[in-house]
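The values are calculated or read from the model by the stated rules, or taken from the named source; none is laboratory data. Remember, predicted model here, so these are calculated numbers, not experimental data. Here the Cβ positions follow ideal geometry from the backbone for every residue, glycine too, while neighbour counts run over all protein chains shown.
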Amino acid sequence: RKSDALRLPNGDGCPNDEVKSPFLIGVAGGTASGKSTVCKKIMEQLGQAEMDHTQRQVVSISQDSFYRELTAAEKAKAQKGLFNFDHPDAFNEELMYSTLQNILQGHKVEIPSYDYRTNSLDFENMLIIYPADVVLFEGILVFYFPKIRDLFHMKLFVDTDSDTRLARRVPRDINERGRDLDAVLTQYMTFVKPAFEEFCSPTKKFADVIIPRGADNTVAIDLIVQHIRDFLNNRSRHGSTGNMALYMNLDLN
Ligand code: CTP
């Protein structure tokens, strides 16, 4: 399951009585660019182990939890690679927005996980997102919707070559998502590639940091982690309103 909420063993999941608004990071990029791996590395490097576990938490959420539910006819199309999962209309924008707002207000939220084999939301396996210090929200179109884009404190774009992405996507869809080669390639050429060019790639300009080569770029990830640390340190010194003006605008290209 890819949208895992990582939580520290802090009892009821509520670090303290103070309502904290998390540092919200958007992570966009084309399919199979390495968004999930970048999130995982950021989470690892924020080294929850050495932090006071009653104070710190880092959580990663996937935009897939906000796909809208399909009708039976749409599911039949999806099975053959004939449904466009890369178009903004495939997502429930309102639910995404209200969930992120709840998270920013320090509330616990529950979101469904996503089942690629059935192309449906899995309400049996709800992910509980507890109030956290840092929340990463990753997906192909997290910067597409203006009012959602405006919620992020930091915006990252994982920029990996399209041939590398296709070479990763084909075996992933066949091995992990139960697809056959024909359907994967039909879907890629009909929807994934054109939608990347029309909807995802243009959102790169909104990023604070562009990460070339994705998760292999340890220098970029180190810099990002340092920035998050600075923000969190600053906030613990100055209270939850923290100094948001710490933004850096790094274009690593
Ligand atoms: N998708 C699909 N079938 C579905 C739902 C989504 O094939 N039922 C595909 C869409 O075509 C879209 C992709 O899933 O292109 C979005 O997931 P992706 O970004 O590839 O996966 P992540 O693990 O979030 O990203 P990364 O590989 O960058 O870590």
### Task
Residue by residue through segment 128-144, note down the ones that are under 29 Å from E74 (Cα atoms) and either of a type in the set (K, R) or within 16 Å of the ligand (Cβ to nearest atom) (or both).
F137, E138, G139, I140, L141, V142, F143, Y144
### Query
Do we find a residue being in a loop (DSSP other than H, G, I, E, B), among the hydrophobic types (A, V, I, L, M, F, W, C), buried (at least 18 other Cβ atoms within 10 Å of the Cβ) and in contact (Cβ under 8 Å) with a residue 60 or more places away in the chain anywhere in segment 150-161?
yes
#### Entry: Failed item in (1) in a strand (DSSP E or B); (2) more than 16 Å from the ligand (Cβ to nearest atom), with Q101 passing the rest
(1)
### Query
Of all residues in segment 70-81, how many are surrounded by fewer than 17 Cβ atoms within 10 Å (Cβ to Cβ) and either modelled with pLDDT of 90 or more or in a helix (DSSP H, G or I) (or both)?
8
### Task
Tell me which residues, restricted to segment 190-218, are without any contact (Cβ under 8 Å) to a residue 12 or more places away in the chain and surrounded by 21 or more Cβ atoms within 10 Å (Cβ to Cβ).
none
### Message
Given the condition more than 19 Å from S62 (Cβ to Cβ), outside any helix (DSSP H, G or I), within 13 Å of the ligand (Cβ to nearest atom) and modelled with pLDDT under 95, answer yes or no: does some residue in segment 105-127 qualify?
### Response
no
### Residue list for segment 162-197, filter: within 10 Å of the ligand (Cβ to nearest atom) and under 12 Å from G30 (Cβ atoms)
R165, R168, R169, Y188, V192, K193, A195, F196
